[in-house]
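No value in this document is a laboratory result; all are computed from the given coordinates. None of the values given here were measured: they were computed from a predicted structure. With ideal geometry, Cβ positions are generated from the backbone for all residues, glycine too; neighbour counts draw on all protein chains shown.
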Amino acid sequence: RGLGDVYKRQTLSSITLNYGTVSTGSHATDVITVTNTGNGDVIINSNSQLTPPFAIIGGSCTPTPIILTPNQTCDYIIEYRPNSNGNFTDSFDIFSNTAASPTTVNLAGSSTIRIIPTLSFYGLILMMIAVLYMAMRQRVI
């Protein structure tokens, strides 16, 4: 550990993001905040990439490199967009000039298939016949 590392600290607002259950075809976003709580500058050199259904879609920590002065923050906006049923996990690393580098952020989420009821042309015809039958039956009685 170098002498300069004593004064450089990087803290995260969260190390694990759990998106819970999101229906396929929907999405959820969350924010990871990086804060320089030390006395020296923190340089975020890079971060590893995520694989679908997770993605870094923006934030002030990108593009890298970025320099955070003491008490300065930046953030990553993370999106979870499942397109199939199941449980998903991923992680990404934030590489900086701190002694704790890299910092790993873990992500988790599950998804359920969103069922959208549809009515075919023939189903519509059958429903209309049933309604007409019921209407005619009420008139006869």
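The table that follows gives values for the structure above.
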read-out	value
Taking the chain and dividing mean pair separation by its residue count, relative contact order in percent (alpha carbons under 8 Å, at least six apart)	29 percent
Distribution of pairwise C-alpha distances over the chain, 5 Å bins, in %	2, 9, 15, 15, 11, 9, 7, 5, 4, 4, 4, 3, 3, 3, 2, 2, 1, 0, 0, 0
Dimensionless Rg/Rh of segment 72-141 - Kirkwood Rh, Rg from C-alpha atoms	1.52
Cα-Cα P(r), segment 13-82, percent of pairs per 10 Å interval	19, 47, 25, 9, 1
Ellipticity estimate at 222 nm from DSSP helix runs (n ≥ 4, -39,500 (n - 2.57)) divided over the chain, nearest 500	-5000 deg cm²/dmol
Tilt relative to the chain, helix 121-140 - C-alpha long axis, 0 to 90 degrees, to 10	40 degrees
Per-pair calculated FRET efficiency, R0 = 30 Å: Thr16 and Ile67 via Cβ, rounded to 0.05	0.70
C-alpha center-to-center spacing [segment 23-39, segment 64-93] in angstrom	5 Å
Dipole in debye (nearest 20) - the chain, about Cα centre, beta carbon charges: Lys, Arg +1; Asp, Glu -1	660 debye
Computed E for Ala135/Ser23 - FRET, C-beta separation, R0 30 angstrom, nearest 0.05	0.20
